[in-house]
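See below for the structure under consideration.
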Amino acid sequence: MQKRISVGSSVEGAEAEVEVGEVECAGHEHLDIVGVDSVYAVSVDKMFEWLFSDSSFYRDFQETRKTFDLCLGEWPEDLDENGEKRRYLNYVLSLNYSVGPKSSPLAETQIVRQWKPGRFYLIDTEATNSGIPYADSFYVENRYCISRVGLHKCRLLITSQIKYRKSVWGLVKNFIEKNATSGINETYNLMAEMLHQEAQKQNQVQTSSSLASTPGRKKVLRRRKTSERTPSGKRPAPDIPATKPNSLPQHIPHRNASLHSEDPWHIKLTGDTLVRLICLVLIVLVLFNGVLFFKLWTLEQKAAAHYLHRPLFPHGQPSSHEEWTDVLDQQRELHQQEMDRWKEVLSASIQLMDHMKASLADLQSTIDQRTAQFTKPIDT
């Protein structure tokens, strides 16, 4: 079992036991994307233990996310030069894309920047993927604010932001932000539901234990059992409650399955798919240009063979004015025929370019429709 981070002093701990008022989350900035903002019926220290130690809750959460090869670093005993503590995590995240890699190794750095046991915790994390397109260009920063609301209540505020290590062009950046934001919302929606379920479970256990330790509880139970017997001396059959299909314990796996379900005839338009699509369009353009160049080249060869090997005066050099007039008329006719052939070539080229323009317009319309489809919010 991993040891908890050692923070605070005895004086702060004593103050935390006495004070039960709400602690305001202030004095620092929050990031752009709000993942979780909820109040839980659990103490501040217990919430920190669930999220930032080798707890059973954190293991169950990662298992529900379908991660594997989880390696948790330990919190150091001493502070670093910035007066903070940090640890490192590594795990492999499963991906549900029909095209592309099926998993992505992820390295996470967790930094405790502020802490007051029983009052407030501020933790920053940096998550970096690998094995996916443009993974070395960005990372996701998360900020966890755990503040006390009451004696056994706390507020968890998680905000996130996508930051870039390298400059990427606008279309790729747009797809990175859409996919990353979708993953952030999916992860923290799952975390919020599991935290509510875990807090409810813990409160039920505490209530049961407190009732069991109450004096005279056994006598009350014995009397109740005696009164529940029928006049014939037999105990009536207990009522078995019907299991609800959408009860809380089954809600999280059902939701997770709906988010990760894949349609075999549906391909997500990811960054990798976009790159392949652009390459295909460029290959088609190169082929069209090659066909056009070949037609122009063959036409030039035919024209050269037709005019260069044809004698200018097949019946001898003209001697009279009428013969020179006939020669000029023949040259004018040949020139007109050549111009007509060039017009045909240019007309065919224009038709080919119009066809390419229509194909590209259809491709752009398809991409816009697919993009609008993937940017729609997921119904929870």
If you check 111, 123, 146, which single one turns out to be assigned to a strand (DSSP E or B), β-branched (Val, Ile, Thr), closer than 21 Å to residue 35 by Cβ and touching a helix residue (DSSP H, G or I) at 6+ places or on another chain (Cβ under 6 Å)?
146
Across (1) without any contact (Cβ under 8 Å) to a residue 60 or more places away in the chain; (2) farther than 22 Å from residue 66 by Cα; (3) in a helix (DSSP H, G or I), residue 202 clears everything bar (1)
When the residues of segment 161-183 are filtered to those that are assigned to a helix (DSSP H, G or I), touching a residue at least 24 places away in the same chain (Cβ under 8 Å) and polar (S, T, N, Q), which remaining residue is nearest to residue 140 (Cα to Cα)?
181
When segment 122-145 is checked residue by residue, the ones that are among the hydroxyl-bearing types (Ser, Thr, Tyr), farther than 19 Å from residue 51 by Cα and touching a residue at least 40 places away in the same chain (Cβ under 8 Å) are 134
Criterion: in the same structural domain as residue 146 (by TED's automatic domain parsing), within 25 Å of residue 372 (Cα to Cα) and surrounded by fewer than 18 Cβ atoms within 10 Å (Cβ to Cβ) - qualifying residue of 205, 172
172
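Tally time: how many residues in segment 85-106 are among the charged types (D, E, K, R) and either surrounded by fewer than 16 Cβ atoms within 10 Å (Cβ to Cβ) or closer than 28 Å to residue 277 by Cβ (or both)?
So in segment 85-106, the residues among the charged types (D, E, K, R) come out as 85-87, 102.
Now restrict to residues that are either surrounded by fewer than 16 Cβ atoms within 10 Å (Cβ to Cβ) or closer than 28 Å to residue 277 by Cβ (or both): 102.
Selection size over segment 85-106: 1.
Evaluate the following for residue 347: is it out of contact with any Leu (no Cβ under 6 Å at 6 or more places or on another chain), modelled with pLDDT of 85 or more and among the hydroxyl-bearing types (Ser, Thr, Tyr)?
Numbers: out of contact with any Leu (no Cβ under 6 Å at 6 or more places or on another chain): yes; modelled with pLDDT of 85 or more: yes; among the hydroxyl-bearing types (Ser, Thr, Tyr): yes.
Against the criterion (out of contact with any Leu (no Cβ under 6 Å at 6 or more places or on another chain), modelled with pLDDT of 85 or more and among the hydroxyl-bearing types (Ser, Thr, Tyr)), residue 347 qualifies.
The values are calculated or read from the model by the stated rules, or taken from the named source; none is laboratory data. The model shown is predicted, which means the values in this text are computed figures rather than measured ones. When we count neighbours, we look across all protein chains shown, and the Cβ atoms used for this are built from the backbone with ideal geometry, even at glycine.
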